[in-house]
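Peer 1: Next up is a structure, given as structure tokens.
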Amino acid sequence: MLPWRRVALWFLTALVVRGALLVLPLDRIDQLFIPDDTYYSLAIARHIAASGLPSADGVIPTNGFQPLITLLEVPFFLLHANGDMAVFGAVLLSATAGAAAAAGLGALVALTAGEAAGWLAAVIASLHPTILSNDLSGMETSLAALLSLAAVLCAVRIRNDVSVLAGFAVGMICGLTALARVDTLLLVGVCGLVIVARAGVRAAALVAAGALTVLLPWGVWIFTTSGALFPESGRAVRQLVLIHEATDVGGLATGLVALCELGRLLPIASGISVAAAAAGLAVAAYLLWCPWRLGRTPLALFLLCNLALALIYCAYLPAFWFLSRYWHPLFLAAIGSWAALATRFWRQAGLPRAVAGGATIFLLASSTWQTATHLVSRPDVFHGFREPARAISADLARFSIVAAVQSGALGYYAPEGTRVINLDGVVNRFAWKAMHDHDLASYLRTTGVEAFADTDSMRRLIAGHAGAELPLTRVREMPDARGTPVTLFALSW
């Protein structure tokens, strides 16, 4: 039996930690935790609430977003929340889901290795700086992790005599997991196979019916409104990866940066450094060793599914600026695996106990220290889009249509009457094709774009794929805390 009272306590513990960070001013939360993609989801939710159209700019339909978190944000705008209130609501939603995921991880580990291991997993997940960063991002990451854990817990506990209602409910959880993030389809599919093997065809049919009840309405609606079913954002991100490999970092460097991102699991170094790469190598070896030690357990199932997904990302979509989000469930699985193995080693006298105790104390202490130092650190280039977007908003009012590669916050905070269109293709399939064809200049001209606003690196990116010289005239540069100022250019066609 799962210790449900303990699970509730683990949830409250993780929620208190996240709540302590939520008292920070919103501009600081944005600088530390919120990526530009959060504002894409909020803008799409706002347009769904206003017109029923899934669109980041109110005109171009898109399916390049994670459905569940966006749909959960729609009520913010139906209740007439203003821009900042909805942003805080998104962060509160992801933080609550993250706290529940920490508790869910504790439950899965307790089922595998006992209550003491569950406690350890929940505490580490509550304090780990990378887990906290994702949980406070306002993105789908923590929600997808929570539902993935729930799907695995259901799959390993369902029985062949499951009631119709319970089997249907398990299916709805699996369907919601897929809606939380499309890459969870791998885990959901494996859970389906486990259910067939454990509980038979009848239970699997009930689960499938429940999942289809969730997925079919979504599929019909998104295909009707956007004209496509599979998210268009995947090919856009892959195109950006290929561009970066060709012009900036190179394929080998992409792999090294990915290794540094993997090293975030050991909170001893951040960013791109020799220490982070060494930590990444250690983590990679640990992840390959864990399944052998865990055996045929629910935790091993969760770990193997996410390890396979991480390898797919490394091979096909090594978008280093997204990897800590993509690998969030893998980090949770790795934390849970350490908790299970550490408690096992603790029961052995001598060196195993010393290693388990010392490594666990180090992990908890370094997690707390990294989180504390992160709170006073300078924001990186992947967060902190709110400040420049709000500062430049008044200048955008001069233009009817503005384009940007990083268009999330700019579009979300744009003044009424100004439309900001996306150029990286994540939520704009026409821009993706124009960039792919090196024809962005023609696309901008025929679309009637009057201005471009973004960082200098993004200006160089579109210039390299414009197909013609862009008639840019500098209007204003807006410095920000990230050290990557946003510049507004007028386009004189």
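Peer 1: For the range 119-136, what does the Karplus curve 6.51 cos²θ - 1.76 cosθ + 1.60, with θ = phi - 60°, yield as ³J(HN,Hα) per residue in whole Hz, taken in order and with x for Gly and Pro?
Peer 2: Those phi angles translate into 4, 4, 4, 5, 5, 4, 5, 5, 10, 4, x, 5, 4, 4, 4, 5, 5, 9 Hz.
Peer 1: What's the angle, to the nearest 10 degrees (0 to 90), between helix 164-180's Cα axis and the longest principal axis of the chain?
Peer 2: The answer is roughly 40 degrees.
Peer 1: What translational diffusion coefficient, in µm²/s and rounded to a whole number, does the Stokes-Einstein relation yield for the chain at 25 °C and a viscosity of 0.890 mPa s, taking the hydrodynamic radius as the Kirkwood radius over Cα pairs?
Peer 2: 105 µm²/s
Peer 1: What angle, in degrees between 0 and 90 and rounded to the nearest 10, separates the Cα long axis of helix 250-262 from the longest principal axis of the Cα atoms of the chain?
Peer 2: Compared with the principal axis, the helix lies near 50 degrees.
Peer 1: While we're on this one: Evaluate the distance, in nm, between pseudo-label points positioned 7 Å from the Cα of Leu92 and of Ala463 along their respective Cα→Cβ axes.
Peer 2: Calculated label separation equals 4.4 nm.
Peer 1: Taking a spot 7 Å from the Cα of Leu193 along the direction of its beta carbon, which residues of the range 303-343 have an amide N less than 18 Å from it?
Peer 2: Zone members listed by number: 303-313.
Peer 1: Semi-axes, largest first, in whole Å: what does sqrt of 5 times each Cα gyration tensor eigenvalue give for the range 340-386?
Peer 2: Numbers: eigenvalues 256, 21, 8 Å².
Its equivalent ellipsoid spans semi-axes of 36, 10, 6 Å.
Peer 1: Quick one: plug the Kirkwood hydrodynamic radius of the range 158-272 (C-alpha pairs) into Stokes-Einstein at 10 °C, 1.306 mPa s, and report D in µm²/s.
Peer 2: D, rounded to a whole number, is 92 µm²/s.
Peer 1: Per DSSP helix of 4 or more residues, -39500 (n - 2.57); summed, then divided by the residues of the chain. What does that give at 222 nm, rounded to the nearest 500? Intermediate results must be reported in sequence, preceding the final value.
Peer 2: Details: 22 runs with 337 residues, N = 493.
Value at 222 nm, helices only: -22500 deg cm²/dmol.
Peer 1: Would you work out if the range 15-62 is rounded, prolate or oblate? Take a ≥ b ≥ c from the square roots of the eigenvalues of the alpha-carbon gyration tensor; rounded if a/c is under 1.5, else prolate when a/b is larger than b/c, oblate otherwise.
Peer 2: Values: a/c = 3.71, a/b = 2.58, b/c = 1.44.
Prolate, because a/c is 1.5 or more and a/b exceeds b/c.
Peer 1: Can you quote the Å³ per residue value for the convex hull of the Cα atoms in the range 223-343, rounded to an integer?
Peer 2: Working: hull volume 14.9 nm³, N = 121.
Spread over its residues, the Cα hull of the range 223-343 gives 123 Å³ apiece.
Peer 1: Percent antiparallel among DSSP beta bridges with both residues in the chain, to the nearest 5?
Peer 2: Taking every DSSP beta bridge within the chain, about 65 percent pair in antiparallel fashion.
Peer 1: On to the next question. Add +1 for every Lys or Arg and -1 for every Asp or Glu among the other residues with Cβ under 15 Å from the Cβ of Leu187, and state the total.
Peer 2: Details: positive: Arg181; negative: Glu140, Asp183.
Surrounding charge for Leu187 is -1.
Peer 1: What percentage of all Cα-Cα pairs in the range 316-475 are separated by more than 25 Å? Walk me through the numbers on the way to the answer.
Peer 2: Details: 6577 of 12720 pairs.
When all Cα pairs of the range 316-475 are counted, 52 percent exceed 25 Å.
Peer 1: Shifting gears a bit: Provide His128, His438, His80, His244 in ascending order of the number of other Cβ atoms located within 10 Å of each residue's Cβ, fewest first.
Peer 2: Ordered by Cβ neighbours within 10 Å, fewest first: His80, His438, His244, His128.
Peer 1: When a/c reaches 1.5 or more, the comparison of a/b and b/c decides; with that in mind, is the range 106-186 rounded, prolate or oblate per its Cα gyration tensor? Provide the component values of the computation, followed by the final result.
Peer 2: Details: a/c = 3.18, a/b = 1.27, b/c = 2.50.
Since a/c reaches 1.5 but b/c is at least a/b, the shape of the range 106-186 is classed as oblate.
Peer 1: How much length would be gained if the chain were fully extended between Thr213 and Leu78, taking 0.36 nm per residue of separation minus their Cα-Cα distance, in nm to one decimal? The partial results should precede the final answer.
Peer 2: Working: separation 135, 0.36 × 135 = 48.60 nm, distance 2.47 nm.
Separation in residues times 0.36 nm, less the Cα-Cα distance, equals 46.1 nm.
Peer 1: Take the alpha-carbon positions of the range 1-117, form their convex hull, and give its projected area averaged over all directions (one quarter of the hull surface) in nm².
Peer 2: On the way: hull surface 35.7 nm².
Reported value for the Cα convex hull: 8.9 nm².
Peer 1: Ranking Glu416, Glu261, Glu232, Glu115 by Cβ neighbours within 10 Å, fewest first, what do you get?
Peer 2: Working: Glu416 5, Glu261 25, Glu232 19, Glu115 16.
Lowest to highest Cβ neighbour count: Glu416, Glu115, Glu232, Glu261.
Peer 1: On to the next question. Using square roots of five times the C-alpha gyration tensor eigenvalues, list the equivalent-ellipsoid semi-axes of the range 136-176 in whole Å, biggest first. Mind dumping the intermediate values first?
Peer 2: Numbers: eigenvalues 124, 20, 5 Å².
Equivalent-ellipsoid dimensions as semi-axes: 25, 10, 5 Å.
Peer 1: Using the Cβ atoms and a cut-off under 10 Å, what net charge is assigned to the surroundings of Ala99, where Lys and Arg are +1 and Asp and Glu are -1? Please list the in-between numbers first.
Peer 2: Numbers: positive: Arg18; negative: Asp135.
It works out to a net charge of 0.
Peer 1: To the nearest 10 degrees, how steeply does helix 36-51 sit against the main Cα axis of the chain, on a 0 to 90 scale?
Peer 2: 80 degrees
Peer 1: Also, I was wondering about something else. Got a sec? How would Asp30, Asp424 order by Cβ neighbour count within 10 Å, fewest to most?
Peer 2: Details: Asp30 28, Asp424 25.
By the 10 Å Cβ count, ascending, the order reads Asp424, Asp30.
Peer 1: Oh, and also: With a ≥ b ≥ c the root eigenvalues of the C-alpha gyration tensor of the range 441-493, is it rounded (a/c under 1.5), prolate (a/b larger than b/c) or oblate?
Peer 2: Working: a/c = 2.69, a/b = 1.72, b/c = 1.56.
Prolate is the answer for the range 441-493, as a/c is 1.5 or above and a/b outweighs b/c.
Peer 1: What whole-number volume per residue, in cubic angstrom, does the convex hull of the C-alpha atoms of the range 137-225 give?
Peer 2: Numbers: hull volume 7.7 nm³, N = 89.
So the per-residue hull volume is 86 Å³.
Computed from the coordinates by the stated procedures, all read-outs in this text should not be read as laboratory data. Keep in mind that what you see is a predicted model, and the values were worked out from it rather than measured. All Cβ positions, even for glycine, are placed from backbone atoms using ideal geometry, and neighbour counts span all protein chains on display.
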